[in-house]
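In what follows, a single structure is set out as structure tokens and then discussed.
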Amino acid sequence: MDFPRHGQRATKSRARAAPPTGDPLLFDDTSSASPSMANQGYYNSGYNMTGGPAGGPGPGNVNDLFADPMANAAMMYGSSLANQGKDMVNKELSRFVSVNKLKYFFAVDTKYVLKKLMLLMFPYTHQDWEVRYHRDTPLTPRHDVNAPDLYIPTMAFITYILLAGMALGIQKRFSPEVLGLCASTALVWVIIEVLVMLLSLYLLTVHSDLSTFDLLAYSGYKYVGMIFTVLAGLLFGSDGYFVVLAWSSCALMFFIVRSLKMKILSSYSADPMGAGAATKPRLRLYITVASAAFQPIIIYWLTSHLVR
């Protein structure tokens with residue numbers, strides 16, 4: 001029998017003995033594959049380890065979010081707050097400006113605009129200057145060329161500012177400050193004119209259907225003549241400027257007198273005192289003529305510096 005030599009290991013390895021199958025194990029063998037923590041119930045309280053939060057607004061739970069009664073109540077409460085805020089803004093705005101009445105002054109169409117522009121520049125052949133009514137309500141501007149509007153004054157004011165910028169640019173005098181001063185000056189003059197008219201009508205106790213919007217419209221029609229005056233000055237020089245200035249000023253004065261005559265002179269009530277009854281119509285005539293005569297001065301003041 002051969003024995004292994006001293007210093008050498010045995011070539012035949014000793015086989016590992018398998019554990020007995022019949023005896024119970026004291027501990028579970030966890031070396032091969034441990035069960036997931038999710039399967040053991042550690043993360044079942046509201047979160048899903050494989051997807052989004054359990055019951056949260058994941059892709060599959062959007063409908064559940066909108067079906068939530070609390071979410072619906074919050075949305076309804078937010079919409080009610082928005083409606084209350086809108087109603088409050090409209091109520092506060094209607095205290096100073098009537099939105100429905102303001103819409104009346106912008107109820108125009110292309111046919112009315114063309115007729116009104118022709119009336120402003122050539123008013124001498126127009127015969128009927130009375131504003132028409134339907135059941136004690138004046139017709140909208142698109143149905144009555146004599147009705148005042150705010151569309152033409154607004155567009156004419158914007159066009160005047162753009163034309164002023166072009167004229168200043170041609171003369172190498174353009175700057176944002178000069179253009180802003182030109183726009184603010186033109187706007188301030190109109191506001192001053194309207195305030196003076198309102199104060200004059202109040203002091204003379206003239207009861208007419210003239211509103212602030214009416215006066216603003218009649219005062220803003222001067223921008224149409226200012227546009228043609230500046231264009232004539234740019235195209236034909238100073239001679240063309242003064243010719244068109246004289247024409248547009250006379251046309252505007254004639255238009256103002258004939259339009260306000262139906263509003264102011266025919267609205268005075270009978271005064272029990274004879275002297276007062278004879279004096280008030282005369283003062284009203286003075287107001288109408290002064291308002292018309294003031295227009296050429298403003299037109300020249302706002303356009304002369306644009307044409308050199």
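When you look at GLY233, is it surrounded by 16 or more Cβ atoms within 10 Å (Cβ to Cβ) and among the small types (Gly, Ala, Ser), yes or no?
Values: surrounded by 16 or more Cβ atoms within 10 Å (Cβ to Cβ): yes; among the small types (Gly, Ala, Ser): yes.
Answer is yes for this residue.
Across the stretch 127-160, what is the number of residues that are in contact (Cβ under 8 Å) with a residue 12 or more places away in the chain and either in a loop (DSSP other than H, G, I, E, B) or surrounded by fewer than 13 Cβ atoms within 10 Å (Cβ to Cβ) (or both)?
13
Residue check: is SER184 polar (S, T, N, Q), assigned to a helix (DSSP H, G or I) and out of contact with any Cys (no Cβ under 9 Å at 6 or more places or on another chain)? Reasoning before the result, please.
Values: polar (S, T, N, Q): yes; assigned to a helix (DSSP H, G or I): yes; out of contact with any Cys (no Cβ under 9 Å at 6 or more places or on another chain): yes.
Criteria met by SER184.
Residues of the stretch 207-224 being crowded, with 20+ Cβ neighbours inside 10 Å and outside any helix (DSSP H, G or I), which ones?
The answer is TYR221, and nothing else.
With (1) part of a helix (DSSP H, G or I); (2) closer than 22 Å to VAL289 by Cβ; (3) open to solvent by 70 Å² or more (accessible area, probe 1.4 Å); (4) not hydroxyl-bearing (Ser, Thr, Tyr) as the list, and LYS115 as the residue in question, which single condition is left unmet?
LYS115 satisfies every listed condition except (2).
Okay, residues lined up against (1) of a type in the set (Lys, Arg); (2) within 32 Å of the chain's Cα centre (by Cα); (3) modelled with pLDDT of 90 or more:
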position: LEU201; (1), (2), (3): no, yes, no
position: PHE213; (1), (2), (3): no, yes, yes
position: GLY225; (1), (2), (3): no, yes, yes
position: ALA278; (1), (2), (3): no, no, no
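The values are calculated or read from the model by the stated rules, or taken from the named source; none is laboratory data. Note that the structure is predicted; figures quoted are calculated from it, not measured. Here the Cβ is made from the backbone with ideal geometry for all residues, glycine too, and neighbour counts use every protein chain on show. Side chains included, ligands, DNA and RNA excluded: accessible areas come from the protein's heavy atoms. Shrake-Rupley method; radii C 1.70, N 1.55, O 1.52, S 1.80 Å.
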